[in-house]
1. State the number of residues belonging to region 115-131 that are among the small types (Gly, Ala, Ser) and modelled with pLDDT under 70.
2. For region 93-114, check the following and say yes or no: at least one residue is on the phi > 0 side of the Ramachandran plot, modelled with pLDDT under 65 and in a loop (DSSP other than H, G, I, E, B).
3. Restricted to region 77-92, and to residues that are open to solvent by 60 Å² or more (accessible area, probe 1.4 Å) and more than 16 Å from the chain's Cα centre (by Cα), which residue is modelled with the lowest pLDDT?
4. Out of Gln14, Gln42, Gln35, I need the residue that is polar (S, T, N, Q), crowded, with 16+ Cβ neighbours inside 10 Å and modelled with pLDDT under 85. Which one?
5. So, Tyr29, is that one at pLDDT 80 or above and of a type outside the set (S, T, N, Q) or not?
6. Restricting attention to region 60-76, report how many residues are closer than 19 Å to Ala24 by Cα and modelled with pLDDT under 85.
7. Restricting to region 24-54, count the residues that are assigned to a strand (DSSP E or B), farther than 13 Å from Thr5 by Cβ, touching a Phe, Trp or Tyr at 6+ places or on another chain (Cβ under 6 Å) and hydrophobic (A, V, I, L, M, F, W, C).
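The values are calculated or read from the model by the stated rules, or taken from the named source; none is laboratory data. Fair warning: this is a prediction, and the values are worked out from it, not measured in the lab. In this analysis, Cβ positions are derived from the backbone assuming ideal geometry, glycine residues included, and neighbour counts consider all displayed protein chains. Just the protein is used for accessible areas: all its heavy atoms, side chains included, with ligands, DNA and RNA removed. Shrake-Rupley method; radii C 1.70, N 1.55, O 1.52, S 1.80 Å.
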Amino acid sequence: MATYTASAAQPGVQPRGLRVGLVARTVIYSIGASQAAGDVIQMCKVPAGATPVFMLVQGVTVSGSKIFKVGDGITPGRYMAGASISIAGFTQNFLGNGVNYVPYTYTTDDTIDITLSVLSISATAASGGYNLTAIFSMDAV
């Protein structure tokens, strides 16, 4: 189990955007190492006071089948509990269109993470990547 960090979630990178209104982030993470169940990919930082209102996850030439979660450092499956993918290019949009969605506002800075749960043998190869688009609502502090 390893933790990988996309460029938008590296130390020293500050979440940017207006402190009021909607802020959109698109992050691309290219797989550069073999994958294993339990791996965490920190995709982008979420500033304190932000409430995610929409997310879209895409796989780009991802090999094999995988089950993954989308969440944060507190709750790994907060936004998507276990999507199963088994095609080279997939798209999952979620958040705000599900029946059980409860808005969550961050009280401290955190990251949106993809956590890999189960991988087929062919899914461990280092190829492809993930794209994450997230839209946050920000209130004045």
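1. Total satisfying the criteria: 6.
2. Checked against the condition, which is being on the phi > 0 side of the Ramachandran plot, modelled with pLDDT under 65 and in a loop (DSSP other than H, G, I, E, B), region 93-114 yields at least one hit.
3. Ile87
4. Of the residues listed, the single one that is polar (S, T, N, Q), crowded, with 16+ Cβ neighbours inside 10 Å and modelled with pLDDT under 85 is Gln35.
5. Answer is yes for this residue.
6. Going through region 60-76 one residue at a time, the tally reaches 0.
7. Summing the residues that are assigned to a strand (DSSP E or B), farther than 13 Å from Thr5 by Cβ, touching a Phe, Trp or Tyr at 6+ places or on another chain (Cβ under 6 Å) and hydrophobic (A, V, I, L, M, F, W, C) in region 24-54 gives 2.
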